Amino acid sequence: MVSRTIDGGGDVTLAVEDAGSGRPVVFVHGYSQSRLCWRNQFESDLADDFRLVALDLRGHGESDKPRDAYGDSELWAEDVRSVLTELELDDVVLVGWSYGGLVVLDYIEAFGTDRVAGINLVGGVSEIGTETGTARLGSEYIDLIEGFVSTDAEVSVRTLRKFVDLCVYGELSPADRYYMLGYNVVVPPYVRDALRNRTVRHDSDLATLDVPVLLTHGEADAVVVPAAAREYAELIDDAALSMYPETGHSPFWERPERFHRELRDFVLGL
């Protein structure tokens, strides 16, 4: 496994993890998370078959956290392109979890699918700041939004603890809960505020995608409601929908064996 930094859009430095060899699979994490959320994937035998790449999005993890660099979709798209270009990645599969789906679609809108073989949206978001996007969010998640942007340390940590628990269906072990809480806390409230203040519409991009898409979603997802995945399946011409019973917002963490099997089959079938 190799850790490196890459210059993204607008002079932002991104932290990137790279392991394995073969067709590249690029993992894009969600809101207030980090590349560390893909630990189970990087420690699995997926790296025997594929080149696994995960980045910390701008404002997250070990990447730069500027005050004002989150509202422009082109910057997010440029971040993804910078990773693909710097690492010389082509024929890639982009895996976008939650808000990471929005970033993947930012890239597709800006640069198309010339370097993309397929997309895996995991509990994915395609719109934000719209009535349609808000309707796809769970009520318990919406209740946390005010706390996400609080600068009061106690309120912020209490909110993030609830968010971490909300991202799974079952109960996390104390070690996993505090592992996840750690990389959530690293994200400044102003970053979470800026991410929520975007208005982005990508449903039309879903409808015109010319690469296969695997839709992975937990039946008990309390962050992005399961109905969202079914809507995406209707929008996308070449989509496979995989719903995970008794699984929340994090199928790759909660059901890693199934996730790895389905991702492997998807990538090998392209």
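Quick notes on this structure:
- Test: ARG177 is in a helix (DSSP H, G or I), more than 30 Å from SER21 (Cα to Cα) and open to solvent by 10 Å² or more (accessible area, probe 1.4 Å): yes
- Within segment 202-245, considering residues that are in a helix (DSSP H, G or I) and touching a residue at least 40 places away in the same chain (Cβ under 8 Å), the one farthest from GLY123 (Cα to Cα): ASP205
- Scanning segment 141-160 for residues that are touching a residue at least 40 places away in the same chain (Cβ under 8 Å), surrounded by 15 or more Cβ atoms within 10 Å (Cβ to Cβ) and out of contact with any Gly (no Cβ under 9 Å at 6 or more places or on another chain) turns up TYR141, PHE148, VAL149.
- Annotation: of all residues in segment 39-60 being of a type outside the set (Asp, Glu) and farther than 20 Å from ASP91 by Cβ, the one that is farthest from the chain's Cα centre (by Cα) is SER44.
- Condition check for ALA77: open to solvent by less than 10 Å² (accessible area, probe 1.4 Å), outside any loop (DSSP other than H, G, I, E, B), closer than 20 Å to PHE259 by Cα and of a type in the set (Gly, Ala, Ser): no
- Of residues in segment 161-174 being in a helix (DSSP H, G or I) and not aliphatic (A, V, I, L, M), the one surrounded by the fewest Cβ atoms within 10 Å (Cβ to Cβ): PRO174
- Neighbours by Cβ (under 6 Å, 6+ apart or cross-chain): first from segment 82-111, open to solvent by 10 Å² or more (accessible area, probe 1.4 Å); second basic (Lys, Arg): ASP90/ARG115; PHE111/ARG81
- Residues being in contact with a strand residue (DSSP E or B) (Cβ under 7 Å, 6 or more places away or on another chain) and either of a type in the set (Gly, Ala, Ser) or within 24 Å of GLY182 (Cβ to Cβ) (or both) - total across segment 59-90: 8
This table checks each residue for (1) closer than 26 Å to ASP56 by Cβ; (2) open to solvent by 10 Å² or more (accessible area, probe 1.4 Å); (3) hydrophobic (A, V, I, L, M, F, W, C).
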site	(1), (2), (3)
ARG192	yes, no, no
HIS202	yes, no, no
ASP205	yes, yes, no
TYR232	yes, no, no
PRO245	no, yes, no
PHE259	yes, no, yes
LEU270	no, yes, yes
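The values are calculated or read from the model by the stated rules, or taken from the named source; none is laboratory data. Quantities reported herein were computed from a predicted structural model and do not represent experimental measurements. Here Cβ is always computed from backbone atoms with ideal geometry, including for glycine, and neighbour counts include all displayed protein chains. Surface areas here come from the heavy atoms of the whole protein model, side chains and all, with no ligands, DNA or RNA. Shrake-Rupley method; radii C 1.70, N 1.55, O 1.52, S 1.80 Å.
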